[in-house]
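As structure tokens, the structure follows; a few thoughts come after it.
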Amino acid sequence: MSTLDYPSSGHPASRIALGCMHFGGNRGRGEMDKTENLRTGRKALETALEEDINFFDHADIYSGGDSEEVFGELIKEMRLPRDSMLIQTKCGIRFNGDPGADDPHRYDFSEEHILRSVEGSLRRLGTDRIDILLLHRPDALMEPEEIAAAFAKLHASGKVRAFGVSNHTPPQMELLRDALPFPLVANQVEINLLKTSLIDAGIVSAGREPALGHPADGSLEYHRLHGIVTQAWAPLAYGYLSGRNPDTDDPRIQPTAALVHELADARGVPAEAIVIAWLLRHPAKIHPIIGTRDPARIRACAKSTDVRLTREEWYRLYLAGRGTSLP
Ligand SMILES: NC(=O)c1ccc[n+]([C@@H]2O[C@H](COP(=O)([O-])OP(=O)(O)OC[C@H]3O[C@@H](n4cnc5c(N)ncnc54)[C@H](OP(=O)(O)O)[C@@H]3O)[C@@H](O)[C@H]2O)c1
């Protein structure tokens, strides 16, 4: 598999990354059996490594910490060499009741919370360092100097190698970049064939296009200008284009899924490979974080690196996914 470079993170990352949000089970679906999670996670991890996937995405909050814990146990159990993997995690989201009964769901980029969160992730993952730490969702009360102080301590102690953000706008990144002693290496955002808004934002017209003005406008160009990797969360569009029965009546799904399957059949690859190849074809070098534990689906996604869509195929998919014609 081809690779992608993250400055300061250690070594090259596989072109496809594995999102580990469900390693602790799909909370809400009543799947919290640890033995079962270890068994399912082991198969997913084995398959990912067989497909040369070496980049793993976590967050302190995934399954309340269970996802990191299951992953940490698997690394130990499978005796995986830590240096062959890139482990990314996130901090900054706190749920209601943490720690006080009246404390609300909120974001927290205070130095104290960042440092405490990283300690928890290191413990659960059973590792002495995190390769990339992301700030999960922008904290309205963020003080860049305070974040910089936390990052400097984490870097100096060797606990974190590189830093980035998730769901941030260009002005928020600019604010941070001004204060941080390190470059931001990534911004993880939702982008897929059914969530094209960051690409739509680059299509400027006086006609039917929505007026510019969304805070995330220009994100992809901003990332390219500053060497920030665009990580795509939900790159599979939750499976709606590759076989999952849609639980919504979104009129874009059926025609886009039909086109995905047409292109997949023509190339002899699984539908997932086309859905992911659409992201890979973008010049921002988008890094898809696939959120599956299903070995067959991991293999299907890995096939995307063999596919290069033509400009015309890319636009046909884009037009179907965005659901409106271009100006
Ligand atoms: N930064 C953020 O704010 C943020 C937010 C959400 C997620 N993330 C990260 O991004 C990763 C991926 O996101 P995601 O998991 O939400 O979205 P995703 O990768 O688009 O979708 C994965 C989900 O879709 C299901 N799926 C895919 N194809 C399917 C098919 N053909 N039939 C049935 N089900 C299918 C998968 O089930 P199976 O397991 O059965 O394959 C899995 O539950 C996460 O693991 C996490 O690391 C980050």
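Helical content of the chain, expressed as a calculated mean residue ellipticity at 222 nm, amounts to -11500 deg cm²/dmol (DSSP H runs of 4 or more residues, -39,500 (n - 2.57) each, divided by residue number, nearest 500). Taking 18 Å as the cut-off, the amide N atoms of region 122-138 that come nearer than this to a point 7 Å along the Cα-to-beta-carbon line of SER110 belong to 136-138. Once the Cα-Cα distance is subtracted from the 0.36 nm per residue extended length, the LYS76 to LYS285 segment shows a gain of 72.0 nm.
Magnitude of the charge dipole for region 3-322, about its Cα centre and with charges confined to Cβ atoms of Lys, Arg (+1) and Asp, Glu (-1), is about 820 debye. Within straight-line reach of LYS76, meaning a Cα separation under 23 Å, sit the following lysines at least 8 residues removed in sequence or on another chain: LYS34, LYS43, LYS90, LYS159.
Highest-first packing order for the peptide set 16-23, 234-241 is 16-23, 234-241, based on the mean count of other beta carbon atoms within 10 Å. Toward the positive end of the charge dipole of the chain, with +1 on the Cβ of Lys and Arg and -1 on the Cβ of Asp and Glu, the farthest Cα among PRO181, ALA59, MET78 is that of MET78.
What full-extension length gain, to one decimal in nm, is calculated for THR324 and ALA101 as 0.36 nm per residue of separation minus the Cα-Cα distance? That pair, THR324 and ALA101, stretches by 75.6 nm at full extension. Please state the relative contact order of region 3-322 as a whole percent: Cα pairs under 8 Å, 6+ residues apart? Contact order relative to length: 17 percent. With only Cα atoms counted, the chain has Rg and Dmax values of 19.6, 58 Å.
For LEU86, the amide hydrogen comes within under 5 Å of the amide hydrogens of PHE55, PHE56, counting only partners 5 or more places away or on other chains and with H modelled in the peptide plane. Span-like helix criteria (full DSSP H runs; alpha carbon extent of at least 15 Å along the helix axis; mean Kyte-Doolittle hydropathy of at least -1.0) are satisfied in the chain by 66-77, 111-125, 144-156, 253-267. Of all DSSP beta bridges confined to the chain, the antiparallel ones make up roughly 15%.
Values quoted throughout were computed directly from the atomic coordinates according to the rules given, and no laboratory measurement underlies them. Because the structure is a prediction, the values reported are computed rather than measured. Note that we place each Cβ from the backbone using ideal geometry, even for glycine, and neighbour counts take in every protein chain shown.
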